[in-house]
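Participant: What follows is a single structure, and I will ask about it in a moment.
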Amino acid sequence: MGILGMTVGYLLFSALHFIQFVLAITVCGLYGFDLQRARSQGKYIDGNWVYAEVVGGLAALTAILYLVPFILRFAAVTIWTFIIFVLWIALFGLFGNMYIHEDPEGNSDIQRMKNAVWVDLANALLWLIGFIASAAYWWAHRERRSRFTGRAHLGRNPSTRSTGWTA
C-alpha cells in the first residue's frame, strides 16, 4: 500500500532523509556563520568548524542520495549510515565539551553555538535511527540463496524452503 506506487517503507525513509537533510543544512549554516566571519576578518579558521561543515555537507549529500529508491537495497548504505552517525557523535562531543556548560551571559554567538550542539545531537540520533532502520530493511529484503550451491532462491514462505522431509 502506498501513494503513487511508493511503499510505506519508502515514504518513511524519505521523510527521515528529508529531516536529516534539513538539519544537516541547518548545521552548515550555524557553523558557517562563524567561518564566514573569521574569513572576512582575516582571522584564523579553526579546524573544528571546518570539521562541522564537512560532516554537515556529507550528511546533506548522503540524505539527498538516499532519496533514490534503489540505493537503500545495498548493504554499504547501512555501513555508510553508521559512519555518518559516528561523525555526528564526534561532532556533538567536540562542541558539546566546549559549549554545553558555557554561560552565554547575553552573548548571542555563544547561545547560537549552544543551540548548534543540540542540533548536532538531534542529527546523531536521526542517523542512529536511520542506521537501525536500514539494517532492518536490508536484513528483511536481502536476497537469500541456498547454502552450498547458491543456485536456489530461498523465500520467506516456509513452503518454498527445502526441508528434506515431506509429509
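The values are calculated or read from the model by the stated rules, or taken from the named source; none is laboratory data. Treat the numbers as computed from the prediction; the structure is a model and nothing was measured. Note: accessible area is taken over every heavy atom of the protein model, side chains too, but ligands, DNA and RNA are not part of it. Shrake-Rupley method; radii C 1.70, N 1.55, O 1.52, S 1.80 Å.
Participant: Regarding the range 28-83, what is the average projected area of its C-alpha convex hull, in nm²?
Facilitator: Values: hull surface 17.7 nm².
Computed as one quarter of the Cα hull surface, the answer is 4.4 nm².
Participant: Give, in nm to one decimal, the length gained when the segment between Trp118 and Val50 is fully stretched (0.36 nm per residue of separation minus the Cα-Cα distance). Could you put the intermediate results ahead of the total?
Facilitator: On the way: separation 68, 0.36 × 68 = 24.48 nm, distance 1.81 nm.
Working it through step by step, the gained length comes to 22.7 nm.
Participant: While we're looking at this one, here's another question. Using alpha carbon coordinates only, what is the Rg to Rh ratio of the range 38-126, with Rh defined as the Kirkwood radius? Intermediate values should be presented prior to the final figure.
Facilitator: Details: Rg = 15.6 Å, Rh = 14.6 Å.
Computed over Cα atoms, the ratio is 1.07.
Participant: Dimensions of the range 72-119 along principal axes (Cα, Å, largest first)?
Facilitator: Projected onto its principal axes, the Cα set of the range 72-119 covers 49, 16, 10 Å.
Participant: Which order do Leu35, Leu125 take when ranked by solvent-accessible area (1.4 Å probe, heavy atoms of all protein chains), largest first? Write down the numbers at each step before the final one.
Facilitator: Working: Leu35 30, Leu125 90 Å².
Putting Leu35, Leu125 in descending order of accessible area: Leu125, Leu35.
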